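Here the structure comes first, spelled out in structure tokens, and everything after it is commentary.
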Amino acid sequence: MSSVKSKYAQLEEFIFRKLWEDYKVSGKTFSVRKSFGDKNQDRFFIGTEKSNYLGFSYWSISLKIRNPIDVTSFVLGEAKGGEFYYNFQFVCPGVPKDDLEKACLFLALDFESHVKTKFENKYGYKNSKKGSKDYMFSIYPHKTFSDLESLWVSFTEFSQDITSVLENSIIETRGIYNDLETKRIEKGEFEKQIANLEKNNQIFLNKIKKEESNTNMPSKNTILYGPPGTGKTYHTVEMAFQIVNDNKKVDYKTSKDWFSKELQKEEDRQVDFITFHQNYSYEDFVMGIKPSLNGEEMSFRNHKGVFFEICQRAKLNLEQSSEKGGELVPDFQTVFDELLMPLTIDGNEIPIKMLKEGYEFSISGLNEKNLNFKKQKGDSQHTLSIQTIKDLFEGNREFNIQGLGSYYYPLVEELKNIQVKLTRKVSKVDLKNYVLIIDEINRANISRVFGELITLIEENKRWGETYQMEVRLPDGKTRFTVPKNLYIIGTMNTADKSIALLDIALRRRFDFVGLYPNSDLVVENWKTFFITLNENIISQKGKDFAIGHSYFMLEENKSFDFVNVMNKKVLPLLNEYFYSSRNSDLVKNLINSALIKSKLPYELLSDGYSDKIVSSK
């Protein structure tokens, strides 16, 4: 039997992996196959290779139908010509016999009406004739796809469009038919389905589950993007915990407590967090020189940025983990930095004892190439070459005790004494993962910040990978590489105007994970308002400017203050979004429309200068 997978099998496993990854990040559940026969082992979803379709849903509807797929299903398969297709189907009884079937048909027709109005010619539509035994309405894109990645990109936008309209229709229908239980698949039910899948699907049990520590780990370079308030920074904390702790899953509070303690570590910190801004530079991020005031004298000191430092820590661990143990001897740079710490941090001169008893000189400053030092007597303007110091320290150059050699020798001896003090015995070291979180990654000039290092962050060019690379930094002597055990997580606010400046080179080297508003997380009484407001915003500005669910979530031990959230957070944000709009009443109209539809006891008042939400009771 051939081990080559059919296109259908490739499609099914690909879709399951994508949905599973999305669930791990966003908690978005989905339906899987519930029953298995001898011919359906190693299947993930409803459907078969012979019938050439697979189907899944995000919703659970309390209605049994004759059709083998769910009432609402995304359907995918292999089209004629070998390409892939997808569509969305709504199936229910066309001639209802009870209130439950009437509710389902009402929902289907309401959804059909809204989706056609909203998207018009963006998608194709097909439905059964009125009075048919089974009513079916399907929506589909106007093209098929030659590869799975392009299908998924298109499908992601399609599913977001469908979800926004269907959830709005569900709310409308439940306002009329209270008995219709229509909701997202709950986490408990989803976990039961997955447990059943594990018992019957050997691919999932023996392959995906065993690979979970790798497949569910984020890529080495990930950017979480989405509108404000969708949990991007929130998710970075959970992702960092997962990466550092061998893919272990815990609740957010545990992750946050660990994250706070990790950031406070002085040594071997495995996580760093920074925020980019317009003035952030290569010198801040990697390496450069910074001015230092020593008394009344201005000098310059070497500065190593957060990226340089975490790469060094990760690389050291990578190297140690491949050794059997023994002595850990610090290199020249570590020892040199230790010696100069009083000068670089506090601006204090560093005394160095000379061979002749009673004599010493003091290091008073440094620049990129030299150390400045003062003699005990006489002219104080002298320098020592850092490269010469390094060559002497590493044994690549012989001492000349004449001239400046009388200053080089005691300095190098002092460095060797520090090296001995810092040397320690180590046992076998385990390989660790390190995480750099870059909040608002699109706020800085990426080309300026990363410089030539943009190439090194590619996964196959990391140190320890197949095509490992290193570069020489602008100081002309420091060699630098990005190790394979470093993960970079960025966040990106899609409503930020500076997103247009995001470098193409960065886009190519990062995996992008979208986080958009999730109405399941919104306080129940405010869901209709939340969904309707976002519908209105999206119709005017696009999905990247929606309002995130975090604004409408309950804080621990607090009640939800709608007026405060609207007046202090949502209204200012909307005014910023539509600042240049020619319609001065646009924001007011968006909110009033959502208030009317949700029937909330609030109104929007204006005093001629600003708008505010108040109770209408």
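Give me the percent of the accessible area of the stretch 220-329 that comes from carbon and sulfur atoms, probe 1.4 Å, all protein chains in place.
49
Using only the alpha-carbon atoms, how far is helix 527-541 inclined from the longest principal axis of the chain? Give it as 0 to 90 degrees, nearest 10.
The two axes meet at around 70 degrees.
At a probe radius of 1.4 Å, what is the per-residue accessible area of residue 440, in Å² to the nearest 10?
Here the accessible area works out near 60 Å².
Which of the cysteines in the chain are isolated, no other cysteine C-beta under 4.7 Å?
Lacking a cysteine Cβ partner under 4.7 Å: 311.
Report, to the nearest whole %, how much of the accessible area of the stretch 387-482 belongs to carbon and sulfur atoms, 1.4 Å probe, protein only.
Values: 2260 of 5110 Å².
That share works out to 44 percent.
Average projected area of the Cα convex hull of the chain, in nm²?
Details: hull surface 152.5 nm².
The number I arrive at for the chain is 38.1 nm².
If a/c stays under 1.5 just call it rounded; otherwise compare a/b with b/c (prolate if a/b is bigger, oblate if not). Do that for the stretch 478-602, with a ≥ b ≥ c from the square roots of the Cα gyration tensor eigenvalues.
Verdict is prolate for the stretch 478-602.
If you filter the stretch 540-617 for GluC sites (Glu not before Pro), then keep DSSP loop positions with at most 12 other Cβ within 10 Å, what is left?
555, 556
Could you state the angle between the C-alpha long axis of helix 306-321 and the longest principal axis of the C-alpha atoms of the chain, as a value from 0 to 90 degrees rounded to the nearest 10?
Orientation of helix 306-321: about 90 degrees from the principal axis.
Taking the alpha-carbon distance from residue 597 and a cut-off under 13 Å, which aspartates and glutamates remain once sequence neighbours fewer than 8 residues away in the same chain are dropped?
Result set, ordered by chain and number: 172, 535.
Using DSSP to call loops (not H, G, I, E or B), can you name the chymotrypsin sites (Phe, Trp or Tyr not before Pro) in the stretch 413-474 whose Cβ has at most 16 other Cβ atoms within 10 angstrom?
On the way: sites: 434, 450, 463, 467; in loops: 467.
Sites meeting the loop and neighbour criteria: 467.
Which trypsin sites (Lys or Arg not before Pro) does the stretch 315-372 hold that lie in a coil by DSSP with at most 11 other beta carbons within 10 Å?
324, 356
Within the set of other residues whose C-beta is less than 9 Å from the C-beta of residue 280, count the net charge using Lys and Arg as +1 and Asp and Glu as -1.
Local net charge: +1.
Solvent-accessible area of residue 308, probe 1.4 Å, all protein chains present, reported in Å² to the nearest ten, please.
We get 10 Å² for residue 308.
What does the helix-only formula give at 222 nm for the chain: each DSSP H stretch with n ≥ 4 adding -39500 (n - 2.57), the total divided by the residues, and the result rounded to the nearest 500 deg cm²/dmol?
-11500 deg cm²/dmol
Counting only heavy atoms of the protein chains, get the accessible area per residue of the chain (1.4 Å probe) and round it to a whole Å² value.
52
Using the Cβ atoms and a cut-off under 14 Å, what net charge is assigned to the surroundings of residue 116, where Lys and Arg are +1 and Asp and Glu are -1? Walk me through the numbers on the way to the answer.
Details: positive: 118, 122, 126; negative: 110, 112, 120, 161.
In short, -1.
Which residues' amide hydrogens lie under 5 Å from the amide hydrogen of residue 221, considering only partners 5 or more residues apart or on another chain, with H built in the peptide plane?
Those lying under 5 Å, H to H, from residue 221 are 488, 511.
Keeping the other protein chains in place, figure out the carbon and sulfur percent of the accessible area of the stretch 569-617, with a 1.4 Å probe.
Answer for the stretch 569-617: carbon and sulfur cover 48 percent of the accessible area.
Taking the stretch 540-617 as the region of interest, what is the percent of Cα-Cα pairs per 5 angstrom bin, listed from the shortest bin to the one with the maximum distance?
Each 5 Å bin holds this share of Cα pairs: 3, 13, 24, 27, 19, 10, 3, 1, 0.
How much net charge surrounds residue 562 when only other residues with a Cβ under 14 Å from its Cβ are counted (Lys, Arg +1; Asp, Glu -1)?
+3
Dipole size in debye (nearest 20) for the stretch 282-416 around its Cα centre, Lys and Arg Cβ +1, Asp and Glu Cβ -1?
Around 180 debye, computed over the stretch 282-416.
Projecting each Cα onto the charge dipole of the chain (Lys/Arg +1, Asp/Glu -1 at the beta carbon, about the Cα centre), which of 523, 144, 495 comes out farthest on the positive side?
My answer, from the dipole projection, is 144.
On a 0 to 90 degree scale, rounded to 10, what angle separates helix 187-200 from the longest Cα axis of the chain?
90
Do you know the relative contact order of the chain, to the nearest whole percent, from alpha carbon pairs under 8 angstrom that are 6+ apart? Don't jump to the answer; show the numbers that get you there.
Values: 945 pairs, mean separation 80.0, N = 617.
After rounding, I find 13 percent.
The values are calculated or read from the model by the stated rules, or taken from the named source; none is laboratory data. These numbers were taken from a predicted model, which means no experiment stands behind them. Because the Cβ atoms are built from the backbone with ideal geometry, glycine has one as well, and the counts that use them run over all protein chains shown. Just the protein is used for accessible areas: all its heavy atoms, side chains included, with ligands, DNA and RNA removed. Shrake-Rupley method; radii C 1.70, N 1.55, O 1.52, S 1.80 Å.
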